[in-house]
1. Could you state, as a whole-number percent, how many of the C-alpha pairs of segment 81-155 are farther apart than 17 Å?
2. Nearest 0.05, what FRET efficiency do residue 157 and residue 21 give at R0 = 25 Å with Cβ-Cβ as r?
3. Distance in nm between label sites at residue 97 and residue 131, each 7 Å beyond Cα in the beta-carbon direction?
4. Using a Förster distance of 35 angstrom, determine the FRET efficiency expected from the C-beta separation of residue 89 and residue 115, and round it to 0.05.
5. Quickly work out the residue 104-to-residue 69 label distance, labels modelled 7 Å from Cα along the C-beta direction, and quote it in nm with one decimal.
Amino acid sequence: MNLILPFNSNHDDYKSRVSVLNIGLDYSKFSSSNDLYRSLVVIPFFLEKKRYSIGFYLNPFSYEEFNSYGDYKKNKLIDSYLLNIRFRYIPYEFKNKSNFFIDLAHTNGELYNWKNLKITWLEFGLFRRLNYASKISFGYKLNIDTNSNIKMNGFFINLIFGYSFLKKK
């Protein structure tokens, strides 16, 4: 297995990518520029192939709760993260190196004794590698199934940083 860490942005001749402990920002309707730290996302492990990927995300998450004045009520930060598994499919790559993606994500809080919460959702949109170590994504989250009254539907943008191990073709 020929794994290397290149420092240039030309990664087209690599067959797969293994990312470990990448971090970034996931900005959505629950985010606030005053509390940007609440939008921190961690990706403990992600295996990417040409069209298919699988991995784990630790996403910021908050219930849509409002106080009696109609203002959004924030949960405790520790209670607002979800460990979820992701399956990614990339059906189309544009000539400018942007990719259309579809993520199927699922979390089950009972598996790790967090909460009685199960959610399955889709994320779809565009992503582009800015360079070897960073990627920007823009898209839409859409609930598919949940055992709670959770509405995380909405647009998002995220910026991910971190190095990866690449395998040559």
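1. Roughly 51 percent, rounded to a whole number.
2. Using R0 = 25 Å, I get an efficiency of 0.70.
3. According to this spin-label approximation, the distance is 1.1 nm.
4. 0.75
5. It is 4.4 nm.
Each value in this text was obtained by applying a stated rule to the coordinates, not by laboratory testing. Not measured: the values here are computed from a predicted model. Cβ atoms come from the backbone with ideal geometry, glycine included; neighbour counts cover every protein chain shown.
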